[in-house]
Amino acid sequence: MASGKFMWGQDKEPADPEQTFIEFSAKPSSSEPAASAPQPKQPKAESEKAEPLKSALKKPPPGAAIPINITPAEVISTDTQGVPAVPTNNEQDDEERGGWGNKLDFLFSCISVSVGLGNVWRFPYLCYKNGGGAFLVTYGIAMILCGIPIFFQEVAIGQYLGAGGMTLVGQLCPILKGVGYATMTMVFFLDIYYCIIIAWTLFYLINSFVSLPDLPWQSCGNWWNTESCFSPEMNVSTMKTNHTTTPVEEYWDKRVLQITSGIDVVGGMQWELLGCLFLGWMLIYGIICRGLHQSGKIIWFTALFPYAVLLVLLVRAVTLDGAGTGLLYYVTPRWEKLLEASPWIDGATQIFFAYSIGTGALPALGSYNKFYHNCYKDAIITCIVNTLTSLLAGCVTFSILGHIALEQKTEVSEVVKSGPGLVFLTYPEVVLKLPGAPIWAAIFFIMLVILGIDSEFCIVESFVTGMVDNWPEVLRPHRNKFTLGICFLMFFLGATMVTHGGAYIFQLMDFYSASGMPLLWCCFFQTIAISWIFGAEKFCDCVHQMMGIKPNKFWYICWVYLAPSVMLAIFFFFIVQYEPIKYGNYQYPTWAEAVGIGISLTSMVWIPAYAVYYVFATPGSIKDNIVNGLKPNIKSRAKIPKGEKTAVIPMSESSAGLISKNSSFISKNSSFISTKNNSFLNQ
């Protein structure tokens, strides 16, 4: 087998016939008869069905081998090199699979994934928590060495295998199938607490219309305000304390959360938030059941609308007095912070969280591409847009923090408590500076509601689909009822986070359940499965099959050495330098820390536990089970029952209309995949 590599940007060379690629000869058309025995005339109906296939394969990339991208019922075998070999399937077992209507659908779906609460809500508060510029350093390192390479790897392997991410690792390395179960556990936890953000946003949206023509967080003097409340319109001489808080901050703490002194003082239920939480789950379930997320127009709208709102807020924020001070704090690294573990673990996991790495989203996105699609360009564009979106949201946030610091005559680092509510302390502040503030407030919170619901219904459907795929005979006939039950269960579990002490529980869930240690743990083993066990060289061969070119040494080194090393180093650095979690200045008690670590272990333990189970429970000797567990066992896509839509909706940051069913890449009755006349299959 030839071992030459092809660099990105080089002229594409013909595929080496000695390389182990999946390729075969197409059945000759009537205009180009084969030299062998004459072929029977194709029926008219079948000829018409094959037309979309012919147009889809008119111009394969030069040098790319013609793939078999079909959905056989049997297990696809692998050759001695581990590269998937051609399946021996029956045409009657082939099933159509949905695809993208055009190339821009996939790109805009990826951009929609980039524009989500992970960028607008999570990035700014983690950056503020970790000292601004120091967080940007760790974020940038993780993006270059881990984020972009693994993003491309996940999309490409999904495109090559035509499989989503929930079972992907188990196919490439059966002994690590526990990665899929760990991912499902993380998604379950994420489903529970993500809807709390929607409840907070709905509360703000509804109350934007309560005090018209003003906004309820515009001034002091309300029943929830304290003596420390100070607004620019007030006389400084009337203040009874040197420590002041803004009306926006007091509205968040004293009105929305009605927060207690700590997690051990849960207090009563915040009934208004509970109603908003119930409304949020009703919207999510209604969207899933009605299929409103299938429209391609929604993808375009959710991709572009947030940018329009953010740009308006950015223009106003950077023109505020003191904005320059906030921006300087944003970009200036505090190098002593890099000696702490928090900026490293937060920077790395924010990249994975925002990019949806390690969650099954990206392979599912890639699986709907045509085989020859250049997903490399899409991956680079999406990662750049994702990062720029986060930086844009950070500019808005820190400009406002600088303005508040000037008004309060304090340092930017002392303006507000760092916590998950930072977006509800800064954006409502800049809205007050715009003409027609209630209108802009409504527009901003509508944007957050859209982003939140987009994110939530995707991850809820991801969890439901994973469960249904595991127990199809029991759950598939009752999918809607099962979805309703899951939504009710998650509403019930999430109700603890809309109590008066619920914000402390939310912070605990956000740090320990679906980010931090468990996310880094899952991403590490997934990268090991693809780059080491399946093999980075084989993966490069897969890319060459699809595009006719091979990734250069940088990508190979990142996949094999740098990304796993960075993840492992950050993971152990975090353990060695572990610091208890805080909510602002509040220190969590030891028992709460133990609960948080236990939440992390509930997902992390699946990987070693399943490996032990596989070795001892699988028939055969322990040695044989270990050896076989490290060999790829690539299976076909699950067959979709007749009349049902393909439902592959991954966890993502925003809308991804993935279940729109377009023309399948390989038509069921196409003579192109006829095994009878396939010269490769007959060898």
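Computed from the coordinates by the stated procedures, all read-outs in this text should not be read as laboratory data. Note that the structure is a prediction, hence the values are computed from the model and not measured. For neighbour counting, all protein chains shown are included, and Cβ atoms are generated from backbone atoms with ideal geometry for every residue, glycine included.
How would you classify segment 118-209 from its alpha-carbon gyration tensor, with a ≥ b ≥ c the square roots of the eigenvalues: rounded for a/c under 1.5, else prolate if a/b is greater than b/c, otherwise oblate? The shape class here is oblate. Scoring 167-173, 315-321 by mean Cβ neighbours within 10 Å over their residues and listing the highest first yields 167-173, 315-321. Prolate is the label for segment 514-576. Its Cα gyration tensor axes, ordered a ≥ b ≥ c, give a/c of at least 1.5 and a/b above b/c.
Could you work out how far the C-alpha centroid of segment 484-525 sits from that of segment 424-438, in angstrom? Centre-to-centre distance over Cα atoms comes out at 29 Å.
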